[in-house]
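Beneath this line is the structure, given in structure tokens, with notes to follow.
The values are calculated or read from the model by the stated rules, or taken from the named source; none is laboratory data. This one's a predicted model, so the numbers in the text were calculated from it and none came from an experiment. All Cβ positions, glycine included, derive from the backbone under ideal geometry; neighbour counts span all protein chains shown. These accessible areas exclude ligands, DNA and RNA; they are computed on the full protein's heavy atoms, side chains included. Shrake-Rupley method; radii C 1.70, N 1.55, O 1.52, S 1.80 Å.
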Amino acid sequence: MSNTTTMKSAAPKNSISRKSGLISATNSILSSIVCIIIGLLVGFIILVCINAEHAGEGFMTILIGGFNNINAHARNISKEIAEAAPLIMTGLSVAFAYKTGLFNIGAAGQYSVGALGALYFALVLHMPWYICILAAMLCGAVWGAIPGLLKAFFNVNEVITSIMFNWIALYGVNELLKNNVLGKMYESTKNKTYVVRTTSAGSAIPNMGLDNIFSKSTTIAIFIAIIVAIIMYIIINKTTFGYELKACGHNKDAAKYAGINEKRSIILSMVIAGALAGLGAALFYLSGVGEWNPNDSTACPAIGFNGISVALLAVCNPIGCVFSALLISHITVGGSCLATAYYQPEIADIIIGVIIYLCAFAMLFKMLIGKVVKVKSTSDANADPQIELHEPDSDKEAEKEDEE
Amino acid sequence: MLLLIKYTLLYGIVLMLVALGGMFSERSGVINLALEGIMSVGALAGVLTLCILPQGMAPGLVVLISIVVSAVAGLVYSLLLGFSAITLKADQTIGGTALNMMATALAVVIVKVFNGSASAKLNYSNNAFLIDIPVGDDKLTINVFLFIGLIILLLAFLFLYKTKWGLRLRSCGEHPQAADSVGINVYRWRYIGVMFSGLLGGIGGFAYVIPSVSTWNFEVGVTGFGFLALAVMIFGQWKPINIFGAAMFFAVFKSLANIADSTFLAGLGLSKNVYDMMPFIASMIILVLFSKNSRAPKAEGIPYDKGKR
């Protein structure tokens, strides 16, 4: 008897909590969409300010993104897909660390070191592509581990550390590549590293026939990225390990009190985040989307920093990262398609910046949207406390009704 | 040696100005990660002013106007951080990062529109800012920001420790609830802290770009100087005089890259990349040594909510 009552009261509660979870997920998506729309509007205003005559046309170019000139050649859409894959990875890197309460602004540095690992195994050792990918992940993981260790044992703010390590990585990788310290990787006539596909064909990520539809740089990288995103989703949401990481993120002291080794969690989280960023670099350079230019020593790789945008726009949901990476890649490619006579491709970066700035207070949008949605689902919201206040008599009555 | 002193003073003053800005913001309770972006915006505004002002203008006036414009631009940009971090109680780290990303893109677009071409470089004349002091046969070139910086350092110290306003500002960063309970408007003081940081960050960005070169490519922002300033601030333990010392210490490392080719260091055969790495490695070591017993303002990074007691 008592068993059935608990089960009965548990059943509707569960469904409601799932429902409210669904509502909050919808709210997150809605608030992200609001951020995107406002960001695009700001972009439009900037376009009008710069050149009002062509603003509409320019705005459409950004909106269409990779689908510009799709009939003539598939170059833009190929670029969009090929650049989305590494973006998904750096986005996952930031999102994963954020679940443990760490802001991994160092994805750019981990990405640089990962690139070094991938290029070394590909151009010097001529290893098959999956070994190169593993090497890149290992390099990224080591670079991510250092800020994690410093945070765990010396209480150094991981934001500052990883920024410092971004620059150290950039200068270090440039130095090693340019002077061919580790082996012949730098082609001085082109000011870039050697092309992976021509130097060591086995090290390039296979196309599996995608190059018939798109360009050569469109490989199975995008599928690898999506699979990793799903794995990350499962780790964060369905495993004890993921639960421990999240517990550390919510309250470090409470997690410690509950018997979770918080130092281990912080370090492991940064190791995995670093490995993800390193994998992103492997997907970029082993697909041949571009080559590393060691003379560019003034800015860390943009894909690393845009990972932050991807993660924040996705509210740190791994599956959401796939979509937000595609969107950001879309806008960036759209920006590069703008007619340079009237506009600057960096307008796309401003739009992304505005979107992230808005994401910082997405909670506010979430609350506003929540209020609107609440009006619709007032009955559900009220149902929750009522179940707990159920008196035994009414429960029995309900049972009787059920039996009938 | 004179070259080393020149660059150390140049970079040291920049780091000190920006770190003092960060100090005001953090002492009031707001982590200002947007310093890098604020510096870019300040530099952009100052340099653009230099380019727009007519040629024949008195040098003193040119210097004054461009510095004021850069400070105001930094202040206005920092209000964006204040709005999200104080009024909307958003995550301060994310807001700051977004502002950094936006600043570089904004600067590039504005410069390109100004140039009317695809180049993000601006040329300017910096003679009005430089002062030569003869030392023996040689001369030591210093710039006006050295004096401005020292005056600001003195004012910052007096403001923070010798006035009631300084006490109010600090109390908002340590225990905003207690401050509020004695009638201090926490929101207002946090805005003031952030605005100070914008002001100093703007001047700092301008001071970084102007004296050393006469062309600046805005695609590179300010090459991580805002973040170095944050490390300086932590090393300086959020205190003006300590920040001055820390800034000079870092500046020596930063200068090594500039003087490597022309001095005894060339004999070591190290490349520019190695010297470029040095200030960052030095700051890493310093942070490891000093973060354990850090005296950071207790309430920094936590948005103040009146309803939460």
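Inter-chain Cβ neighbour count for A:146-154, averaged per residue, equals 2 (cutoff 10 Å, partner chain atoms only).
Surface composition of the protein assembly as shown: carbon plus sulfur atoms contribute 65% of the solvent-accessible area (1.4 Å probe, protein chains only, all chains present). Buried surface between chains B and A: roughly 3700 Å² of accessible area, summed over both sides, computed with a 1.4 Å probe on protein heavy atoms only.
Taking a point 7 angstrom from the Cα of residue B:217 along the C-beta vector, which residues in segment B:84-126 have backbone N less than 18 Å away? Answer for segment B:84-126: B:104-113, B:115-124.
With the convex hull drawn over the C-alpha atoms of the protein assembly as shown, the volume per residue is 202 Å³. Each residue of segment B:172-185 was assigned a 3J(HN,Hα) from its phi angle through the Karplus curve 6.51 cos²θ - 1.76 cosθ + 1.60 (θ = phi - 60°); the sequence is 5, x, 8, 8, x, 4, 5, 4, 4, 5, 9, x, 8, 7 Hz, with glycine and proline shown as x. The smallest convex shape that holds all Cα atoms of segment A:137-217, its convex hull, gives 153 Å³ per residue. For residue B:115 and residue B:164, the FRET efficiency from 1/(1 + (r/R0)^6), where r spans their Cβ atoms and R0 equals 45 Å, is about 0.40.
When peptides B:240-247, A:354-361, A:306-313 are ranked by their average number of other Cβ atoms within 10 Å per residue, the highest-first order is A:306-313, A:354-361, B:240-247.
Relative to the longest principal axis of the Cα atoms of chain A, the long axis of helix A:392-403 makes an angle of roughly 80 degrees. Phi angles across segment B:150-167 convert, under the Karplus curve 6.51 cos²θ - 1.76 cosθ + 1.60 with θ = phi - 60°, into 3J(HN,Hα) values of 5, 5, 5, 4, 4, 4, 4, 4, 4, 4, 6, 10, 10, 10, 5, 5, x, 4 Hz, Gly and Pro given as x. Remark on chain B: Rg and Dmax equal 19.5, 67 Å (Cα only).
Helix A:378-389 axis versus longest C-alpha principal axis of chain A: approximately 60°, rounded to the nearest ten. If you wrap segment A:231-353 in the convex hull of its Cα atoms and look at it from every side, the mean projected area works out to 9.8 nm². Could you tell me whether segment A:55-176 comes out rounded, prolate or oblate from its Cα gyration tensor? Rule is a ≥ b ≥ c as square roots of the eigenvalues, rounded for a/c under 1.5, then prolate if a/b exceeds b/c, otherwise oblate. Here segment A:55-176 falls in the oblate category. Computed over protein heavy atoms with a 1.4 angstrom probe, the accessible surface ordering of A:54, A:250, largest first, is A:250, A:54.
Taking the C-alpha atoms only, the angle from helix A:129-154 to the longest principal axis of chain A is near 60 degrees.
With the helix formula -39500 (n - 2.57) applied to DSSP H stretches of n ≥ 4, chain B reaches a computed 222 nm mean residue ellipticity of -22000 deg cm²/dmol. Over segment B:96-170, the pair-distance histogram of Cα-Cα distances with 10 Å bins from zero comes to 15, 19, 26, 28, 12, 0 percent, rounded to whole numbers. Residue-normalised convex hull volume from the C-alpha trace of chain A: 195 Å³ per residue.
Taking label points 7 Å from Cα along the Cα-to-Cβ direction, residue A:131 and residue A:190 give a separation of 2.3 nm.
When peptides B:40-51, A:182-193 are ranked by their average number of other Cβ atoms within 10 Å per residue, the highest-first order is B:40-51, A:182-193.
In this simple spin-label model, placing a label point 7 Å from the Cα along the Cα-to-Cβ direction at both residue B:123 and residue A:41 gives a separation of 4.3 nm.
Couplings 3J(HN,Hα) for segment A:231-244, derived from phi with the Karplus relation 6.51 cos²θ - 1.76 cosθ + 1.60 (θ = phi - 60°), are 4, 5, 4, 5, 4, 6, 9, 10, 10, 4, 4, x, 5, 4 Hz, where x marks Gly and Pro.
Dividing the summed -39500 (n - 2.57) terms of all DSSP H runs of n ≥ 4 by the residue count of chain A sets its mean residue ellipticity at 222 nm at -24500 deg cm²/dmol. Averaged over the residues of peptide B:278-290, the number of Cβ atoms from other protein chains lying within 10 Å of each residue's Cβ is 4. With a/c under 1.5 counting as rounded, go ahead and sort segment A:77-134 into rounded, prolate or oblate using the C-alpha gyration tensor (a ≥ b ≥ c being the square roots of the eigenvalues; past the cut-off, prolate if a/b is larger than b/c, else oblate). Oblate is the answer for segment A:77-134, as a/c is 1.5 or above yet b/c matches or exceeds a/b.
Specify the inter-centroid distance of segment A:194-221 and segment A:79-124, based on alpha-carbon positions, in whole Å. Comparing the Cα centres of segment A:194-221 and segment A:79-124, I get a distance of 19 Å. Using a cutoff of 8 angstrom between alpha carbon atoms and counting only pairs six or more residues apart, the relative contact order for chain B works out to 37 percent. Residue ranges A:148-157, A:205-214 sort as A:148-157, A:205-214 when ordered by packing (mean number of other C-beta atoms within 10 Å per residue, highest first). Overall shape: oblate for segment B:1-135, with the ratio a/c of the largest to smallest alpha carbon gyration tensor axis at 1.5 or above and b/c at least equal to a/b. Solvent-accessible surface of segment B:2-290, taken per residue with a 1.4 Å probe and all protein chains present: 37 Å². Other protein chain C-beta atoms within 10 Å of residue C-beta, averaged over B:87-97: 6. Spin-label pair residue A:264-residue A:231: with each label point 7 Å from Cα along the Cα-Cβ axis, the two points sit 2.1 nm from one another.
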